[in-house]
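The block underneath contains the structure these notes are about, expressed in structure tokens.
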Amino acid sequence: MQELFQQLANGIAWGSIYALIALGYTMVYGILRLINFAHGDVYMVGAFAAYYFAIATGAGGATASLPGALLVLLGAMVACALLGVLIEFLAYRPVRRSSRLTALITAIGVSLFLENVGLRVFGADPKFFPQLIPPRRIHLAGGVVVTNHQVTVVVVSILLMVGLTLFIHRTKTGKAMRAVAFHRDAASLMGIPVNRIITITFAIGSALAAAAGVLVGLTNPKIEPLMGIMPGIKAFVAAVLGGIGSIPGAVIGGLVMGVSEYLVVGYLSSTYRDAIAFIILILVLLIRPAGLLGRNVAEKV
Amino acid sequence: MSPRRFSLARSLLATAGVLVLAWGIDRLAGQVLNPYLYRILVLCGLNVMLALSLNLVNGITGQFSIGHAGFMAVGAYASAAFTVYAVPRLFGVGPEAAGAVVMAPLFLALLVGGSASALAGFVVGLPSMRLRGDYLAIVTLGFGEIIRVAILNIDAVGGARGFAGVPHRTDLAWVLAGAAATFLVLRNLLRSYHGRAFLAIREDEIAAEALGVPTTRYKVTAFVIAAFFAGVAGALFAHYTYLHTNSFTFMKSIEVIVMVVLGGMGSLVGSILGATVLTALPEALRFASAERLIIYSVLLIVLMIARPQGILGKTEGGRR
């Protein structure tokens, strides 16, 4: 029983990171119908941006402090928001009116570009993420042990997700985003500045990915330029699992993936870790073809 | 063009011609090219097979599969297991044998690989009854990863160590013959009644269904045929070089998609062109060793922006 709760705790912490990345996928998909393959690499850039910020500001190691950590988090988020906007402007905007596959290949190109520039600039060997917050173990009821890093991950993720939900449902810009996602051309006719909304979407999605990158740096301090590939794919799977385009769906999908991975590692074998996500996905899609919370839109003839 | 009546003599003649040509090119390439260039030609041929077969699903039938490496893996491992475990008993041909005596076992191994993969293609094609577009795509991706992880956990085929002891029997002649066979089969298929059905599904699935095309059956068929040829390509690969699941990650599937899209979705000649260009390009960029993949990715983005329909679009080049 203790083992089960322990794995659940680990899974929720890890799943929050998937959820944060999945939010970016699902937002971009909702608006552009584009699988933004480069999103996992934006997360990688977020981790590296935080790494360099932390070194520059001395926010790691002995001089670690909470304001310093927050500053690093904020810095990485702003850097990646700019990167996301730049990617959209330079690569995706020119192919927006082309077929969706063209856009997809462009996204793959951007992904390869970020990975290889990363290898060139950051170097291929892993770097050790500075400790922004001194590690501490917290004993919970029932003998479950979590680290304060895991708690931070969950708390920061929840705050960001609540913030995002409020933004989308309570602000004018959020309303415009929902309108563009619902029907881009109609939104444009209603006077919504579609281009600006898409830019904002990329900025927010990329900032969330950067936050995920920083949080991963906290818990798994080894970062390298190819670290975005697998979490990127799995976060996308999480978004599809929850119903792509749905924000609560992305969160649920991320948590389901994180928890199931840790349960497999704990009870079966870690070699099956990468397969379980896809097995769950296929089972869910066979029963609910549009994902857990997705709406199945019938094609009108 | 008017449909020509099937003629056995003509087909046999064409097959013989292709085989002689493949053999001739192989001999010539072995004489004039260094082993490095010879190897690139072999990889080129394998990629042509993969791109052509994927084009049937993605370009011609208008579905979207990103799990092609999974089919390749099934074919590779099924054929390798056949060669290592069954061939010595069936034919008395050990792994060290070479020359004409290995031709029949290798041919059979290719069929085993292709058939195993076709079966997998059937299983993967089934969800296409319920799923469309991106959801189907992600299921094929998931399938590819599940296959890879499953193979990684089978000890009889080496697991994470890689499958050692598979004799290297593939040469350029086999690969060229395989690529030619893939091309000819798909070309003839496209010109047939069935080919029109595939194209109809791509153009408008609902309209095709309304006109009486059994869309589900054709979609599954497209997956099965594509998987067969990908499996044969995998089998050729398994008998050519060191066999490890790392060769079949989803990056390989992506690579093949890029070849198909770059060449032009639905264009067979385009797939050949795309596969050749994208196999040769990273090699041609070797002079800029550290930056070559950066240049490659930038070229990819620029090409997609400049020519979103791919090099040949839907045409086969030449007349329209």
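The values are calculated or read from the model by the stated rules, or taken from the named source; none is laboratory data. Owing to the predicted nature of the structure, the values given are computational and were not obtained by experimental measurement. Don't worry about glycine lacking a Cβ; one is built from the backbone with ideal geometry, like all the others, and counts go over all protein chains shown. Surface accessibility is based on the protein's heavy atoms, side chains included, excluding ligands, DNA and RNA. Shrake-Rupley method; radii C 1.70, N 1.55, O 1.52, S 1.80 Å.
The table below gives the values:
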| quantity | calculated |
| --- | --- |
| Residues that are part of a helix (DSSP H, G or I), open to solvent by 20 Å² or more (accessible area, probe 1.4 Å) and either hydroxyl-bearing (Ser, Thr, Tyr) or facing chain B (nearest Cβ under 10 Å) (or both), drawn from the range A:88-101 | A:90, A:93, A:94, A:100, A:101 |
| Answer from A:293, A:281 - the residue that is more than 13 Å from the chain's Cα centre (by Cα), without any contact (Cβ under 8 Å) to a residue 60 or more places away in the chain and either surrounded by fewer than 18 Cβ atoms within 10 Å (Cβ to Cβ) or within 13 Å of chain B (Cβ to nearest Cβ) (or both) | A:281 |
| Counted residues, the range A:218-254 - those being within 11 Å of another protein chain (Cβ to nearest Cβ) and basic (Lys, Arg) | 1 |
| Unique match (being open to solvent by 30 Å² or more (accessible area, probe 1.4 Å) and in a helix (DSSP H, G or I)) among A:8, A:104, A:73 | A:8 |
| Only listed residue being open to solvent by 50 Å² or more (accessible area, probe 1.4 Å) and at negative phi, chosen from B:265, B:304, B:259, B:251 | B:251 |
| Test: residue in the range B:101-115 that is assigned to a loop (DSSP other than H, G, I, E, B), more than 14 Å from chain A (Cβ to nearest Cβ) and either over 16 Å from residue B:61 (Cβ atoms) or over 23 Å from the mean Cα position of the chain (by Cα) (or both) | no |
| Verdict on residue B:150 being assigned to a helix (DSSP H, G or I) and surrounded by fewer than 21 Cβ atoms within 10 Å (Cβ to Cβ) | yes |
| Single match in B:200, B:235, B:177 (criterion: within 30 Å of residue A:100 (Cβ to Cβ), part of a helix (DSSP H, G or I) and not acidic (Asp, Glu)) | B:200 |
| Residue among A:140, A:132 that is surrounded by 14 or more Cβ atoms within 10 Å (Cβ to Cβ) and not hydroxyl-bearing (Ser, Thr, Tyr) | A:132 |
| Filter result for residue A:22 (more than 21 Å from residue B:299 (Cα to Cα), away from every other protein chain (no Cβ under 13 Å) and among the hydrophobic types (A, V, I, L, M, F, W, C)) | no |
| Residue B:271 being over 29 Å from residue A:119 (Cβ atoms) and either out of contact with any Lys or Arg (no Cβ under 7 Å at 6 or more places or on another chain) or open to solvent by 30 Å² or more (accessible area, probe 1.4 Å) (or both) | yes |
| Selection from the range B:92-140 of residues that are farther than 30 Å from residue A:29 by Cβ, open to solvent by less than 10 Å² (accessible area, probe 1.4 Å) and among the small types (Gly, Ala, Ser) | B:109, B:113, B:114, B:117 |
| The lone exception for residue B:46 - which of (1) in a helix (DSSP H, G or I); (2) open to solvent by less than 10 Å² (accessible area, probe 1.4 Å); (3) under 30 Å from residue A:270 (Cα atoms) it fails | (3) |
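Rundown of residues vs (1) in a helix (DSSP H, G or I); (2) under 22 Å from residue A:125 (Cβ atoms); (3) open to solvent by 20 Å² or more (accessible area, probe 1.4 Å), yes/no style:
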position	(1), (2), (3)
A:187	yes, no, no
A:197	yes, no, no
A:200	yes, no, yes
A:206	yes, no, no
A:211	yes, no, no
A:214	yes, yes, no
A:217	yes, yes, no
